[in-house]
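Nothing in this text is a laboratory measurement; each read-out follows from the coordinates by a stated rule. All values reported here derive from a predicted model rather than from experimental measurement. Every residue, glycine as well, gets a Cβ built from its backbone with ideal geometry; the counts of neighbours run over all protein chains shown.
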Amino acid sequence: MNHMGVKIKRLGKIWLLGLYSRIMQRLEYRFNFFVMVVGGIIQMSLMIAFVNIIFNYINNLSGWNYDQAMIIVGSYMMVDGFLWGTCAYLFGLSLHIREGTLDTLIVKPADTQFLVTASQGDPEDWVKFAIGLMVFLNSLIKLDIGLANLMVNTPFYLLMMLNSIVIIYSISLIIRSIAFWSTDASNFWYVIDNLTKISQYPADIFFNKIVKIFFYTIIPAAFIATVPAEIMIHGPNFYLILSSTIVAIIFFFASRKFFNFALKDYSSASS
Amino acid sequence: MRKYWKIITNEFQKNLTYRANIISYNFGNLFEIISQITIWTVIFQGTNMIKGYTYPEMMTYIIIGWVILFATSNYGFEERIAKDIHQGTMSNMIVKPISYIRYIIAVSMGRVVVALVSVVTIEIAMLYLLHDKIILNFNPATLLLMLAMLIAAFFIKLLFSILIGLIAFWFIEISGTYFSLNIFSKFMSGAYFPMNLLPITFVNISLFFPFIYTFFIPLQLYLKKITFMEGLRGLGVEILWLFLLYLLIKLVWHFGLKKYEAAGV
């Protein structure tokens, strides 16, 4: 147990060092950093604007009113912002594989998957998380679900959000690991990026049963924002909580297995 | 001219090597359309018309718009130009009897062909599946004008990318600039959603930029929401922008080259 604690402490220290160096790197070019933040704000504003446009013409979107839909949008933004803000190295994995720069990580005396995941975060994307949190809190206040419900729902909501992060992370890792075999897989992430983007809308919009099953199982986009929002608004649903947790665990272990399997084929280009 | 033709064919062959990469890019974006189609279908279940758009018109806007978006994409030349400047690889081009700008244009043309083939294939499948939900406009004059507008749109986007890339003569890090400008240009072109869903001020402002003529105006022409003459005027504005951007690039290139340090030489 003590050994485990030391290991976690060490990984935490590595993560903090990576974060610190990335912030320093970004602040070296302050203007660029500022423009990136502005870009992130525009991107999030467009997402909000689109939902506002939709609700100019309808009262509810597949059973979700404006504030409820904004809970989904806010949750999606937080998950997206968190992942880009902490796991940015993973999003550029195919480039590192192609150019052989992954060498710098695999020779380090720490778990390679952890290093690939958390050695670099993009601080400019924290603005996405911040905007998401604001959207979420603003809608939550308007929904007025009551303090007692809030106390019960919040821990489950947080658990669902953790599951969301694990699910997107795992899918991303699997897709990006394909780059170990394919020389140029830089565009593979578009598949996953656009699939996860779907999760900014309520999963109930997919009225076709087959499509719905697809988004709850094969690509579990429904668990990314719709399920956490549902738990926050309507309270714990043990069936959803259990399925979300099982899906997250399965995807996490599958991605770890797949990554380690793919890593064996790393050809270390240019070394 | 033959040397640029060689560059185009080389780039075409190079892209054929990484077919899966390009197909996955288009395939990924297919999910974006699916979500757009689904969401607008749900919205139109409660209403017949949104700001002058009927359901088939909105579906056409999304589906035909998808082809326009990818047919006129140039896949991030800003980054490549910035890299050439900072790593000094531009020196290889400067000492050769070819123009660097024309070289980039040739590479872009070679690259778009493979992407276009996969986009058109997916589009044909989509038109087959959704032919009863969209508006098909086979007017030859309209299609010809649209084609001309799209060719101009491709070059406007490309020249804009080159212009941003050349900023790297003065700045080391330009990723933020092109990231933000790409979002801005996509929004101003009406690719996120039809511009006329926004307050009229936005449409009026967007007319001062070239982007609306690369996406929204051709689609309005296809949907017969603007006349052929208005479409021709749109093409005229695009040509004006092309000249302006080309002149700007020449100017920036002239002054930028004086700042070029040819790193690594």
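Looking only at the range B:219-233, how many residues end up being more than 17 Å from the chain's Cα centre (by Cα), without any contact (Cβ under 8 Å) to a residue 40 or more places away in the chain and in a helix (DSSP H, G or I)?
Number of matching residues: 3.
Does B:K6 satisfy the criteria of being part of a helix (DSSP H, G or I), without any contact (Cβ under 8 Å) to a residue 12 or more places away in the chain and closer than 30 Å to B:S99 by Cβ?
yes
Suppose the filter is surrounded by 16 or more Cβ atoms within 10 Å (Cβ to Cβ) and farther than 18 Å from A:S255 by Cβ; does A:V127 pass it?
yes
Take A:I14 and tell me if it is of a type in the set (A, V, I, L, M, F, W, C), farther than 20 Å from B:Y192 by Cα and surrounded by 15 or more Cβ atoms within 10 Å (Cβ to Cβ).
Yes; evaluated as a whole, the condition is true for this residue.
Scan the range B:81-100 for residues that are part of a helix (DSSP H, G or I) and surrounded by fewer than 18 Cβ atoms within 10 Å (Cβ to Cβ) and report the count.
5
Can you name every residue in the range B:20-46 that is over 17 Å from the mean Cα position of the chain (by Cα), over 16 Å from A:L195 (Cβ atoms) and assigned to a helix (DSSP H, G or I)?
Correct list: B:A20, B:N21, B:W40, B:T41, B:V42, B:I43, B:F44.
I'd like to check which helices (runs of 4 or more DSSP H) are fully inside the range A:169-271 and have at least 1 residues that are within 14 Å of chain B (Cβ to nearest Cβ) and surrounded by 16 or more Cβ atoms within 10 Å (Cβ to Cβ).
A:188-197, A:209-216, A:226-234
Take the range B:182-218 and flag every residue that is crowded, with 19+ Cβ neighbours inside 10 Å, assigned to a helix (DSSP H, G or I) and of a type in the set (A, V, I, L, M).
The answer is B:I183, B:M188, B:M195, B:L197, B:I212, B:I217.
Please list, ordered by first then second residue, the pairs with beta carbon atoms under 6 Å, 6 or more apart or interchain, first in the range A:51-78 and facing chain B (nearest Cβ under 9 Å), second charged (D, E, K, R) and in a loop (DSSP other than H, G, I, E, B).
Pairs that qualify, where the first residue is facing chain B (nearest Cβ under 9 Å) and the partner is charged (D, E, K, R) and in a loop (DSSP other than H, G, I, E, B): there are none.
Show me the helices (runs of 4 or more DSSP H) entirely contained within the range A:47-117 in which 2 or more residues are buried (at least 17 other Cβ atoms within 10 Å of the Cβ).
Of the helices (runs of 4 or more DSSP H) lying wholly inside the range A:47-117, those with at least 2 residues that are buried (at least 17 other Cβ atoms within 10 Å of the Cβ) span A:66-86, A:88-91, A:93-99.
Considering the range B:166-178 alone, what residues qualify as being within 14 Å of chain A (Cβ to nearest Cβ) and either buried (at least 21 other Cβ atoms within 10 Å of the Cβ) or at positive phi (or both)?
B:A168, B:I174, B:G176, B:T177, B:Y178
Hey, can you tell me all the residues within the range B:14-60 that are more than 27 Å from A:A222 (Cα to Cα), more than 10 Å from chain A (Cβ to nearest Cβ) and of a type in the set (A, V, I, L, M, F, W, C)?
Correct list: B:L16 only.
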